[in-house]
Amino acid sequence: MNTLTAPVSAAHLNYLLRIADSSLILGHRLSEWCGHGPVIEEDIALTNVALDLIGQARALYTHAGESEGRDRDEDVFAFNRPQEEFCNVSMVELPNGDYACTILRNFLFTAFQRELWVALHSSSDAALAQIAARSVKETRYHVQHASDWTVRMGDGTDESHARMQRALDYLWPYTAEFFSASLDDGETAKSGIGPVWSALEAAWRNAVLPLLDVATLQIPQRTAFVSRGKEGMHGEHMQTLLSEMQFLQRAHPNCKW
């Protein structure tokens, strides 16, 4: 239940949507593996991770809609917004690639999510704190699943190691966006809504780097590249994703079933 008595600020709403959009888009990407997993157990595992992420997005969208006071619900946020209004991090919208790329993306992003959910336990937004408390339990499993496979494939055969290293070389530059500044960082941190994401980088690196070392993977050199999905600036793959995800609502507005 929403405990706020007045519409939230634009900064507060954008903070909620950054988290919700990232969960939704990654959940949609993982749903594309349904029926295509390398083994049936992993097919089911990835589908369950996708369901958890979409459930997190639904809770956040519902809270955002109730908080802004404009009668927008979870379906409106997911299906009736154009590409430029989505503020997910760019990594989650990238095509799945092979299983190595999917697993490594899950590891890098959900390790960040875990730190964020933990920090949000103390949010001044009571509903967000409750969502975080539920979501961190799911996310710990997501991290563990991806961690196990990262080590198994990174320190596996020559072929699996090479695929994991290629995936890391491709994905690593996108991690910089997790910790890049957003215009509303000051306002949301000052009001206690949630931490500045850059404050989570040390904890994220402390969790990620040792495991990549166990997986015998080499961290690429940092570059000046910083993706800008959080600002609504998306790559070519995002529109294709939304065209598929939003097709039914676009073809039959306000349909019910």
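The values are calculated or read from the model by the stated rules, or taken from the named source; none is laboratory data. Quantities reported herein were computed from a predicted structural model and do not represent experimental measurements. Don't worry about glycine lacking a Cβ; one is built from the backbone with ideal geometry, like all the others, and counts go over all protein chains shown.
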Please pick out the residue among 159, 177, 187 that is at pLDDT 95 or above, among the acidic types (Asp, Glu), within 22 Å of residue 228 (Cβ to Cβ) and part of a helix (DSSP H, G or I).
177
Answer yes or no as to whether residue 94 is over 23 Å from residue 132 (Cβ atoms), modelled with pLDDT of 95 or more and crowded, with 18+ Cβ neighbours inside 10 Å.
yes
Give me the pairs: first residue in the range 98-117 and farther than 25 Å from residue 38 by Cα, second residue modelled with pLDDT of 95 or more and hydroxyl-bearing (Ser, Thr, Tyr), beta-carbon distance under 7 Å, and six or more apart or on different chains, which are they?
113/139; 114/139; 117/135; 117/139
If residue 233 meets every condition in (1) under 22 Å from the mean Cα position of the chain (by Cα); (2) crowded, with 18+ Cβ neighbours inside 10 Å; (3) at pLDDT 95 or above apart from one, which number is that one?
(2)
Selection within the range 43-75 - more than 19 Å from the chain's Cα centre (by Cα) and either part of a loop (DSSP other than H, G, I, E, B) or in contact (Cβ under 8 Å) with a residue 40 or more places away in the chain (or both)
66, 67, 68, 69, 70, 71, 72, 73
Please work out if residue 152 is basic (Lys, Arg), surrounded by fewer than 16 Cβ atoms within 10 Å (Cβ to Cβ) and assigned to a helix (DSSP H, G or I).
yes
Restrict the check to the range 30-47 and report whether at least one residue is at pLDDT 95 or above, buried (at least 17 other Cβ atoms within 10 Å of the Cβ) and touching an Asp or Glu at 6+ places or on another chain (Cβ under 9 Å).
no
Quick check on this structure: which one of 121, 145 is touching a helix residue (DSSP H, G or I) at 6+ places or on another chain (Cβ under 7 Å), touching a residue at least 60 places away in the same chain (Cβ under 8 Å) and either of a type in the set (Phe, Trp, Tyr) or assigned to a helix (DSSP H, G or I) (or both)?
145
From (1) surrounded by fewer than 16 Cβ atoms within 10 Å (Cβ to Cβ); (2) in contact (Cβ under 8 Å) with a residue 40 or more places away in the chain; (3) farther than 17 Å from residue 49 by Cβ, pick out the condition that doesn't hold for residue 78.
(1)
